[in-house]
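Every number here is computed from the coordinates shown, using simple stated rules; none is lab data. Just so it is clear, the model here is predicted, and its values are computed rather than measured. Backbone-built Cβ (ideal geometry, glycine too); neighbour counts: all protein chains shown.
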Amino acid sequence: MKGFVLLLLLWVIAFGTPQPKDTPSYFNAEIMRIEEERYLGNKVANVFFTTEEGKTYKLYDFIRGKPTALILAYYTCDSACPLVVKSALQATQSMGKDANFLVMSFDKEDTLEDIKRFKKQLGVENPKWTFGIMKEEDIKKLTQSLGYRFFYSRRDRVFIHPNVVIFLAPDGKIVRYLYGVSPKERELRIALAEAETFRITKNTIVDVAYMVCYRYDPNTGKYGLNPTLLFAFGGLMLASLTLLNALIKKKREVKT
């Protein structure tokens, strides 16, 4: 067991250590940072979108005076998007109907069939969540009103974008950005409560390294999985195995 833990530690050090911020060989995630001070308190654009059932809504008609959790993603993503959405679906299973939960695609090529495939890939059912697609002009209006920036690498066929849940007050004002790939139930409940009372909360510290799925490596000319996410996963695994090893050791000592 000790040997395995040591091996995992060496793997994390060798492959999972985050690159220094001034290292030029990776995509600079700073350009994905949302300038919260510019957008918090502003009203989101009242765009049109079409749900998986084929119904078309204007965003404010859908909100209907309730606080809203909004995730921007794209349905052909095989990296962070499924992680963020699946975590959000699981974390809101026990929540009531006093809030809206919405996933919107920023990929103009996404279709209703893509929504079905994406939901099947998640393997989690939560009818509280609505999935939608938009036309290009509405994508532009919505993302610009949120300060949400993304771009597409044609060579690697991936979108570079922030991983964030955005919270809207009942009148459509932006009140909170919650970053990360694994939103927790407590965080979502607090953010929705803040949205319901129109309380605006700005993040004081945001580790932008966790905001994007991929980083660009000019040495290969391609985008690869964000090594910081790998480091976080490796660190979590190491901590879990260390705790397990300690429990096993203690149990053996009790027996002897």
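What to note about this one:
- Placing R0 at 41 angstrom, the Cβ-Cβ distance between residue 157 and residue 38 gives a FRET efficiency of 0.85 after rounding to 0.05.
- Neighbour-limited loop hits for GluC sites (Glu not before Pro), the stretch 66-146 (at most 10 other Cβ within 10 Å; DSSP other than H, G, I, E, B): 125
- Residue pairs exceeding 26 angstrom between C-alpha atoms, taken from 66/202; 108/202; 55/116; 66/141: 108/202.
- Between residue 111 and residue 185, the modelled label-to-label distance comes to 3.8 nm, taking each label 7 Å out from Cα in the direction of the beta carbon.
- Karplus-derived 3J(HN,Hα) values for the stretch 120-125, using 6.51 cos²θ - 1.76 cosθ + 1.60 with θ = phi - 60°, are 5, 5, 5, x, 10, 9 Hz; glycine and proline are entered as x.
- Ranked packing of 91-101, 43-53, 168-178, most packed first, by mean Cβ within 10 Å: 168-178, 43-53, 91-101
- Given +1 at the Cβ of Lys and Arg, -1 at the Cβ of Asp and Glu and no other charges, the dipole of the stretch 28-211 around its Cα centre is 160 debye to the nearest 20.
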